[in-house]
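Notes to accompany the following structure.
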Amino acid sequence: MDNPDIVYTKVDEAPELASASFLPIIQRFAAEAGVTVGTRDISLAGRIIATFPEHLTEAQRQSDDLAFLGELVKTPGANVIKLPNVSASVPQLVAAVKELQAQGYALPDYPESPASDAEKAIRAKYDTIKGSAVNPVLREGNSDRRAAVAVKNYAQANPHRMGAWSADSKTTVSTMDANDFRSNEKSATLAQAATARIEHVALDGTVTVLKDAVSYPAGTVVDATFMSAKALGAFLLDQIAATKEAGTLFSIHLKATMMKVSDPIIFGHAVKAFLKPVFDTYADDLAAMGVNPNSGLGGVLSTIAASPKGAEIQAAIDAVMADQPPMYMVNSDKGITNLHVPSDVIIDASMPALIRAGGKGWGPDGQEADTNCVIPDSSYAAVYDEAVKNCIANGALDPATAGTVQNVGLMAQKAEEYGSHPTTFEIPADGTVRMVLDNGDILHEHEVEAGDIWRSASTRQAPIEDWVQLAIDRQALENCQAVFWLDEDRAHDAELLKYVRPLLDKAGVADKFQILAPREATALSFDTIRKGENSIAVTGNVLRDYLTDLFPILELGTSAKMLSIVKLMQGGGLFETGAGGSAPKHVQQLVEENHLRWDSLGEFCALGESLKFLAQVKNNPKAMVLGRAVDAATQGILDHDKSPGRKVGQPDNRDSHYYFALYWAQALAAQTDDVELAASFAPIAQALSDAEAQITSDLAAAQGQPADIGGYYHTDPAKTAAVMRPSAALNAIIG
Ligand SMILES: NC(=O)C1=CN([C@@H]2O[C@H](COP(=O)(O)OP(=O)(O)OC[C@H]3O[C@@H](n4cnc5c(N)ncnc54)[C@H](OP(=O)(O)O)[C@@H]3O)[C@@H](O)[C@H]2O)C=CC1
Ligand SMILES: O=C(O)CCC(=O)C(=O)O
Ligand SMILES: [Mg+2]
């Protein structure tokens, strides 16, 4: 495959549906300027297919596009538009495999409890696909996320609805105060390049190597920590009791997708704690059935339903649930609780949505209620705790007047916790875990007990330096408040500060930055934006993720509208669309009533940046003209209120693409930098404008009936195109 100028990723769910309509427009317009836009498949189904060629027919096989892109992003020529993709939990992975099998792909089943070597090998392959398996591979750079000025101005002029906060809200954030990842953390910076072995030493002295030969370049910050299983279990039981006492909803907020080893285990502890009497009484039966609480209550219920003792255990579960506090629900109509699936409640989106709603979650009765938000590890819980307290004290944030919090995030080369999966272990037996360097030195050591979750994370020097420089550059451009969200009292942050302070001093800009722990930084940022002023949050990888949903969801209503640029360290560009996810609810709505409420503003912003970047690196003035016209089209969508409506019958995603094409063509026809392009787009603009009534009536007529896209994870391209491109008049112009 020859390399196109721009790679547009093929993903899953709502953004992939949007691409079926939008990508043909992009390709058609880009071709006029000689710019090629190709695709690479990073969807969950595509990654599964690429992983098991030996099980598939020649015609079914697919290239490993993720591996290809992983190499591409390390080259200066990379220009990738990355849409959000599914980071699969086990239930999602299993569902995708089932769907592919039903389509005739002879894939092996996902082995939940692998016994034979063959099953273990299959499981290991599936585990590479699980969780956040794409983003860390592509993110060979640090992160610059903010609302484009036009988008922020629009949000202020057209503020979204915010739930009201009451001064006597009982909503609260609860976190551990000892024996969690934060309090057990140790950190050191390596003076020389080194290789480390991670080993477990049992009480009888038996040494088991957990991971051999992890290599680190000189200057790497290496952390190690663990969460005590006993402390976690006790904390969860306390919280369940405290929730009942307070009369609030019980909820747990984790990132089981990106923290794909540690957080499903923590989630499993929550399932076991909530149903403790059942897990105590039926321990042997549940183990014999292969029940895996880490996959959630949904899986537990379906496994027991298929067993002879199913009715008895179900009755026991019902009795326990009736006695527990009401649970925060994912879907109260369908009885889907917080504990059903580990990927249904994802902290970066779930906590901001609750804060936007005035501190309310949905209860089993379908009513909104105050909620106990349990976030077991205390490393970052203070951000949400402070946000909740700030809203209780001051009321909801006003999107009409609030300033903005931008983010500069340390992300490159699997920085910090988000790169820790290969070095995270559920400890098999009491003893010690130690990291031993190749020179024999013990770098870190912890006494652990069976079941504890131990992990090591690392952060390399070059990404840290690049991140500080990006912060300096962004602050100079914006000339506003800038804060490093780092906590002197946390082991890892203290090591980072040994880099940050000298770099700021050397650049002579130390006075432009504050350094505050996450709680204090949250308080300051809320106060700043409440005054209508702006702030740049310079953060590590986890807070990059959390804050680029938290502030956009409060300021703009959604993080889908964010500009998200990854300046790749080797010179290329990765342009992420929005900062949110793939919105499974939107697919459901399309399938039921052929309305797609997905907003492509994130794609529009990314496309403009990608084209302007192409113009710079390939010295292609036509691409610059195209890119500037994209900005004009995006502005047009906002000015004329052409974003999708939420309800069937209102204009949807497809209408917004038509108007985007119209404004894009008009801007290209009107510009004078490139007369050739102006001449070729004038008739396109005219045709799009002349056909407005026909196209919008075609698009409106398509809505209201169920839509068939031939699958969920692996849709049928022809059926999807038919659904997403229902206007013959528009298709005739786009081709
Ligand atoms: N970069 C990436 O690749 C990311 C991928 N994900 C993946 O996405 C999936 C869902 O994650 P989740 O945490 O629920 O987050 P989502 O952002 O998908 O969903 C939260 C809500 O945000 C709103 N929303 C999100 N995007 C848009 C958009 N473009 N237009 C309009 N509204 C939007 C929707 O609200 P409403 O329902 O009110 O319309 C949606 O239900 C998971 O599989 C996760 O792994 C998550 C984050 C980032
Ligand atoms: O990779 C993922 O699973 C999610 C990424 C994410 O939430 C983010 O980058 O904001
Ligand atoms: Mg996120």
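The values are calculated or read from the model by the stated rules, or taken from the named source; none is laboratory data. What you see is a predicted model; the values in this text were computed from it and never measured. Here the Cβ positions follow ideal geometry from the backbone for every residue, glycine too, while neighbour counts run over all protein chains shown. Surface areas here come from the heavy atoms of the whole protein model, side chains and all, with no ligands, DNA or RNA. Shrake-Rupley method; radii C 1.70, N 1.55, O 1.52, S 1.80 Å.
Only one of these is closer than 24 Å to V383 by Cα, part of a helix (DSSP H, G or I) and of a type in the set (G, A, S): A462, A476, A457, A494. Name it.
Numbers: A462 fails: closer than 24 Å to V383 by Cα; A476 fails: closer than 24 Å to V383 by Cα; A457 fails: part of a helix (DSSP H, G or I).
Of the residues listed, the single one that is closer than 24 Å to V383 by Cα, part of a helix (DSSP H, G or I) and of a type in the set (G, A, S) is A494.
Return the only residue of T401, T371 being open to solvent by 40 Å² or more (accessible area, probe 1.4 Å) and among the β-branched types (V, I, T).
Working: T371 fails: open to solvent by 40 Å² or more (accessible area, probe 1.4 Å).
From the options T401, T371, the qualifying one is T401.
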Exercise. Of all the residues that make up the stretch 154-202, how many are over 25 Å from the mean Cα position of the chain (by Cα), under 17 Å from F551 (Cα atoms) and not hydrophobic (A, V, I, L, M, F, W, C)?
Worked result: 2
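Can you find, within the stretch 206-228, the residue that is nearest to D177 (Cα to Cα) among those that are open to solvent by less than 20 Å² (accessible area, probe 1.4 Å) and among the hydroxyl-bearing types (S, T, Y)?
Initially, the stretch 206-228 is screened for residues open to solvent by less than 20 Å² (accessible area, probe 1.4 Å), giving 216, 219-228.
If we keep only those that are among the hydroxyl-bearing types (S, T, Y) as well, we get 216, 220, 225, 228.
On the way: Y216: 32, T220: 28, T225: 15, S228: 12 Å.
Looking at the filtered set, the residue picked out is S228.
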Problem set entry | Those residues of the stretch 691-713 which are surrounded by 14 or more Cβ atoms within 10 Å (Cβ to Cβ), under 16 Å from L590 (Cβ atoms) and either of a type in the set (S, T, N, Q) or in contact (Cβ under 8 Å) with a residue 12 or more places away in the chain (or both), in sequence order | L699, A700, A702, Q703, A707, D708, I709, G711, Y712, Y713
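Please give the helices (runs of 4 or more DSSP H) falling wholly within the stretch 244-353 in which 1 or more residues are among the aromatic types (F, W, Y). Explain how you work it out, then say what you get.
Working: elements: 262-274, 276-281, 283-289, 297-305, 310-323.
Once the helices (runs of 4 or more DSSP H) in the stretch 244-353 are filtered for at least 1 residues that are among the aromatic types (F, W, Y), what remains is 262-274, 276-281.
Residue-wise test of (1) within 23 Å of Q461 (Cβ to Cβ); (2) more than 13 Å from ligand 2 (Cβ to nearest atom); (3) assigned to a helix (DSSP H, G or I).
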| position | (1), (2), (3) |
| --- | --- |
| R519 | no, yes, yes |
| I529 | no, yes, yes |
| R544 | yes, no, yes |
| D549 | no, no, yes |
| I553 | no, no, yes |
| K567 | yes, yes, no |
| G581 | no, no, no |
| H586 | no, yes, yes |
| Q589 | no, yes, yes |
Exercise. Just a yes or no: is a residue in the stretch 514-535 of a type outside the set (S, T, Y), within 16 Å of ligand 3 (Cβ to nearest atom) and open to solvent by less than 40 Å² (accessible area, probe 1.4 Å)?
Worked result: no
Exercise. Can you find even one residue in the stretch 86-100 that is open to solvent by less than 60 Å² (accessible area, probe 1.4 Å), small (G, A, S), away from ligand 1 (no atom under 16 Å from the Cβ) and within 18 Å of Y712 (Cα to Cα)?
Worked result: no
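When you look at L23, is it modelled with pLDDT of 95 or more, within 16 Å of ligand 1 (Cβ to nearest atom) and open to solvent by less than 30 Å² (accessible area, probe 1.4 Å), yes or no?
Working: modelled with pLDDT of 95 or more: yes; within 16 Å of ligand 1 (Cβ to nearest atom): yes; open to solvent by less than 30 Å² (accessible area, probe 1.4 Å): yes.
Here the answer is yes, as L23 does meet what is asked.
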Problem set entry | So E488, is it in a helix (DSSP H, G or I), touching a Leu at 6+ places or on another chain (Cβ under 8 Å) and surrounded by fewer than 23 Cβ atoms within 10 Å (Cβ to Cβ) | no
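Can you tell me which residue among L554, L550, L563 is out of contact with any Cys (no Cβ under 8 Å at 6 or more places or on another chain) and either more than 11 Å from ligand 3 (Cβ to nearest atom) or of a type in the set (V, I, T) (or both)?
On the way: L550 fails: either more than 11 Å from ligand 3 (Cβ to nearest atom) or of a type in the set (V, I, T) (or both); L563 fails: out of contact with any Cys (no Cβ under 8 Å at 6 or more places or on another chain).
Sole residue among the options that is out of contact with any Cys (no Cβ under 8 Å at 6 or more places or on another chain) and either more than 11 Å from ligand 3 (Cβ to nearest atom) or of a type in the set (V, I, T) (or both): L554.
Could you check the stretch 100-165 for helices (runs of 4 or more DSSP H) lying wholly inside it with 1 or more residues that are under 30 Å from A633 (Cα atoms)? Before the answer, list the steps.
Details: elements: 117-129, 135-138, 149-157.
Once the helices (runs of 4 or more DSSP H) in the stretch 100-165 are filtered for at least 1 residues that are under 30 Å from A633 (Cα atoms), what remains is 135-138, 149-157.
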Exercise. Can you spot a residue in the stretch 61-69 that is within 20 Å of K414 (Cα to Cα), in contact (Cβ under 8 Å) with a residue 60 or more places away in the chain, touching a strand residue (DSSP E or B) at 6+ places or on another chain (Cβ under 6 Å) and within 15 Å of ligand 2 (Cβ to nearest atom)?
Worked result: yes
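Based on this model, can you work out whether Q481 counts as buried (at least 19 other Cβ atoms within 10 Å of the Cβ), more than 23 Å from the chain's Cα centre (by Cα) and more than 25 Å from Q570 (Cα to Cα)? I'd like the intermediate steps shown before the answer.
Details: buried (at least 19 other Cβ atoms within 10 Å of the Cβ): yes; more than 23 Å from the chain's Cα centre (by Cα): yes; more than 25 Å from Q570 (Cα to Cα): yes.
Judged against the criteria, Q481 is a match.
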Exercise. Could you say whether any residue in the stretch 658-671 is closer than 19 Å to A615 by Cα, surrounded by fewer than 18 Cβ atoms within 10 Å (Cβ to Cβ) and of a type outside the set (F, W, Y)?
Worked result: yes
Problem set entry | Residues of the stretch 686-715 satisfying the condition of being in contact with a Ser or Thr (Cβ under 8 Å, 6 or more places away or on another chain) and of a type in the set (D, E) | D698
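Got a sec? Which strands (runs of 3 or more DSSP E) wholly within the stretch 4-97 have at least 2 residues that are of a type in the set (A, V, I, L, M, F, W, C)?
On the way: elements: 6-10, 37-41, 79-82.
Qualifying strands (runs of 3 or more DSSP E): 6-10, 79-82.
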Exercise. What pairs can you find where one residue is in the stretch 414-435 and in contact (Cβ under 8 Å) with a residue 24 or more places away in the chain and outside any helix (DSSP H, G or I), the other is aromatic (F, W, Y) and open to solvent by less than 10 Å² (accessible area, probe 1.4 Å), and their Cβ atoms are less than 7 Å apart, with a gap of 6+ or different chains?
Worked result: F425/W454; I427/W454; V433/W454
Exercise. Residues in the stretch 359-377: is at least one under 22 Å from E555 (Cα atoms), among the charged types (D, E, K, R) and within 13 Å of ligand 1 (Cβ to nearest atom)?
Worked result: no
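Residue-wise test of (1) more than 24 Å from S295 (Cα to Cα); (2) open to solvent by 50 Å² or more (accessible area, probe 1.4 Å).
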site	(1), (2)
S143	yes, no
A148	yes, no
Q192	yes, yes
K230	no, yes
